[in-house]
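First up is the structure itself, then whatever we jot down about it.
The values are calculated or read from the model by the stated rules, or taken from the named source; none is laboratory data. Bear in mind that the values here come from a model prediction, so they are computed numbers and not experimental data. Virtual Cβ from ideal backbone geometry, glycine too; neighbours counted across all protein chains shown. SASA here: full protein model, heavy atoms, side chains in, ligands and nucleic acids out. Shrake-Rupley method; radii C 1.70, N 1.55, O 1.52, S 1.80 Å.
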Amino acid sequence: SSHPLAHALGALSDVTHGVSLGVIMPAWMRFVYEQGLCQEIFTRLATHVFELTEADSNDLGYAGAYALSDLVREVGMPSNLRELKITRDDIPGIAELAGRTLPFGCVLAMNLERITKVLEHAY
């Protein structure tokens, strides 16, 4: 689901696909995790890739998504929509453009409301 959102973001903000994915992917992860999905996978990401422990967070899966945002920031890339000069007023347009490619989403079927929530997480 992050790729169609990143394509829409890139089309409207003229950023590369990699940069837009760096913003969208962690936001999508947080949104999906809050829906009760992929929690074990994101916890493994946190522990095996980012080497987080229970001492770092009582919710390792969620912390893993934030660790990915931190990594994006550490390598000098924007990690949220604000850093791309995207405003909250831009979110509906990005969501509408991404929504033109529906249906998508193998973990969670996306719709306009879910797309918007992911983008709000990315803000």
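Using a ≥ b ≥ c from the Cα gyration tensor of the stretch 79-123 (square roots of the eigenvalues), is it rounded, prolate or oblate, where a/c under 1.5 gives rounded and otherwise the larger of a/b and b/c decides, a/b for prolate? Here the stretch 79-123 falls in the prolate category. With protein chains left intact and a 1.4 Å probe, residues in the stretch 1-89 average 54 Å² of accessible area per residue.
Taking only the alpha-carbon positions of the stretch 1-45 and ignoring solvent, what does the Debye formula give for the base-10 log of I(q)/I(0) at q = 0.21, 0.28, 0.30 Å⁻¹? Log-scaled intensity ratios, in q order: -0.66, -0.90, -0.96.
For the stretch 16-34, no residue has its backbone nitrogen under 14 Å from a point 7 Å from the Cα of Cys106, taken along Cα to Cβ. Comparing Ser1, Met25, Gly99 along the charge dipole axis of the chain, the residue lying farthest to the positive side is Gly99, per the Cβ-charge model.
Note on the chain: with neighbouring protein chains present and a 1.4 Å probe, carbon and sulfur make up 53 percent of its accessible heavy-atom surface. Going by Cα centres, the stretch 1-38 and the stretch 94-115 are how many Å apart? Answer, in whole Å: 11. Rg/Rh for the stretch 20-123 to two decimals, with Rh computed the Kirkwood way over all alpha-carbon pairs. Value, to two decimals: 0.99.
Accessible area of Met77 (1.4 Å probe, protein heavy atoms only, ligands and nucleic acids ignored): about 60 Å².
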